[in-house]
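Right, one structure below, let's go through it.
The values are calculated or read from the model by the stated rules, or taken from the named source; none is laboratory data. Since the structure is predicted, the reported quantities are computational estimates derived from the model, not experimental observations. Note that each Cβ is placed from the backbone with ideal geometry, even for glycine, and that neighbours are counted across all protein chains shown. Ligands, DNA and RNA are excluded from the accessible area calculation, which covers all protein heavy atoms including side chains. Shrake-Rupley method; radii C 1.70, N 1.55, O 1.52, S 1.80 Å.
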Amino acid sequence: MRPRLSFLLLALALFLLGGVLSLPRPQGEAAVRPSRAGALPEMGLVVAARDIEYCGYHTPCGPGSRTDTIFYVRLLGEEVRAVAIPRDLYSPLVGGKINAAYGRGGAELLKRAVEEAVGMVAERHLILTLDSVAKVVDAVGGVEVVVERPMHYEDRAAKLFIHLEPGRHHLRGAEAVAYMRFRHDALGDYARLDRIKGVLAQVLKRAQNPATWPALSLALREVWRELDTDLTLEEALAQLPAVRGLKLSLATLPTREGPGTFLYVDEERKAAFLSPFFGTTSPLEPPEVPVHLKGEGPALAWARAWLSALGLKPTWEEAPVARSALYTQDPVAGAYFADLFHLPLLAPHLPVEGVVVELGPDLLP
């Protein structure tokens, strides 16, 4: 199977939260303050992360022109729903892989190529660097991951060193970026995108905690200078009151393999998945799908008892979980159980049966 970071909320939420606390303000900007409470306005946003440019043999010299991580993000009131787009996707508009769009035509061409792929409007853009992502992850105190298989890879030219054994790990900024960049396994880029979605969900949750804001304010001073965005400070500050309550859903654009090294949009699967993913509201009654619980100790026991009290009969297993999240490829069932557990919805590339609820220690005080 052919392979297929980044950071809507990682970038947008931190930008919003940190901006009000830390960005130096010119004299004429002193009156800018958050002025509106309530839900975010509906908006399409392209968020991407740039790779590394080389100016000589084994000589990295800054952010590159390719965007190997691309998300289409839709702000929908109190929800944020985002779709990861594989870097090897063929774009007729670009005449090649979509990750070349930014280098050939800047953010505008990238936005148009993303619109072509997902069939939805992208009004704004936010382009990050790997260094800015690492600084933000550090500012929220790092992330927790559970590695299922050994991850070993070195690229001295790119200063990329990944050595993770199976088990639970706490990753700081540079380590988390390396973890998200790893794609040297059977699923390649598809698995990389799933790892990115998991880290992204964690970073947003930590960024919503006011205790992280002082560190974020310091990080944002540097990160702001590295961003390529058409979002203004005034716009960001106006949305600040709504950020803390955002609900997050992340998926991957359905694709199929094609000639050469290209992937192509799977139009049939896209039509079946994206419309309900972006348009579904949580049903009033629990969907009739299998529910599987995965976790340890009190969190697992609590979830089993709660679902049983609701008349549901989940299967369950004891296993280490880094952070709580819900996994399914069924948008309707995902909406219901994500609301029920107040968890981010992460739609993985590989099929899962029904709904899988992972219960980490973060669920309990």
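What pairs come out if I take residues in segment 54-78 that are of a type in the set (F, W, Y) and pair them with residues that are open to solvent by 20 Å² or more (accessible area, probe 1.4 Å) and modelled with pLDDT of 90 or more whose C-beta lies under 8 Å away, six or more apart or interchain? Hits for this filter: Y72/M120. Check whether at least one residue in segment 131-142 is outside any helix (DSSP H, G or I), on the phi < 0 side of the Ramachandran plot and surrounded by fewer than 23 Cβ atoms within 10 Å (Cβ to Cβ), and report yes or no. Within segment 131-142, not a single residue is outside any helix (DSSP H, G or I), on the phi < 0 side of the Ramachandran plot and surrounded by fewer than 23 Cβ atoms within 10 Å (Cβ to Cβ).
Of all residues in segment 228-262, count the ones that are among the hydrophobic types (A, V, I, L, M, F, W, C), farther than 29 Å from L343 by Cβ and modelled with pLDDT of 80 or more. Residues meeting the conditions: 1. Determine, yes or no, whether L300 is surrounded by 13 or more Cβ atoms within 10 Å (Cβ to Cβ) and either more than 26 Å from V356 (Cα to Cα) or at pLDDT below 90 (or both). No; evaluated as a whole, the condition is false for this residue.
Residues in segment 331-365 that are touching a strand residue (DSSP E or B) at 6+ places or on another chain (Cβ under 7 Å), surrounded by fewer than 22 Cβ atoms within 10 Å (Cβ to Cβ), more than 20 Å from R195 (Cβ to Cβ) and not small (G, A, S): F341 alone. Filtering segment 84-136 to residues that are touching a Ser or Thr at 6+ places or on another chain (Cβ under 9 Å), small (G, A, S) and over 25 Å from R172 (Cα atoms) leaves A100, A101, G103, A107, A113, A117. When segment 67-104 is filtered for residues that are assigned to a strand (DSSP E or B), of a type outside the set (S, T, N, Q) and more than 13 Å from the chain's Cα centre (by Cα), the ones remaining, listed by number, are D68, L75, L76, G77, E79, L89, Y90, G96, K97. Every condition in (1) more than 17 Å from the chain's Cα centre (by Cα); (2) in a loop (DSSP other than H, G, I, E, B); (3) surrounded by fewer than 21 Cβ atoms within 10 Å (Cβ to Cβ) holds for W316 except the one numbered (2). Out of segment 263-297, which residues are at pLDDT below 90 and closer than 17 Å to E358 by Cβ? Passing the criteria: E296, G297.
How many residues are open to solvent by 50 Å² or more (accessible area, probe 1.4 Å) and under 30 Å from I98 (Cα atoms) if we restrict to segment 271-297? So the count comes out to 4.
Residue-level check: of (1) crowded, with 21+ Cβ neighbours inside 10 Å; (2) not in a strand (DSSP E or B), R112 misses just (1). Can you confirm whether E268 is over 23 Å from K197 (Cα atoms) and either open to solvent by 40 Å² or more (accessible area, probe 1.4 Å) or of a type outside the set (D, E, K, R) (or both)? Against the criterion (over 23 Å from K197 (Cα atoms) and either open to solvent by 40 Å² or more (accessible area, probe 1.4 Å) or of a type outside the set (D, E, K, R) (or both)), E268 qualifies. Scanning segment 153-205 for residues that are at pLDDT below 80 and farther than 26 Å from V80 by Cβ yields D155, R156, A157, A158, K159, L160, H184, D185, A186, G188. If only residues of segment 319-330 that are open to solvent by 10 Å² or more (accessible area, probe 1.4 Å) and over 17 Å from the mean Cα position of the chain (by Cα) are counted, the one that is nearest to K197 (Cα to Cα) is D330.
For segment 259-310, a tally of residues being more than 26 Å from the chain's Cα centre (by Cα) and small (G, A, S) returns 6.
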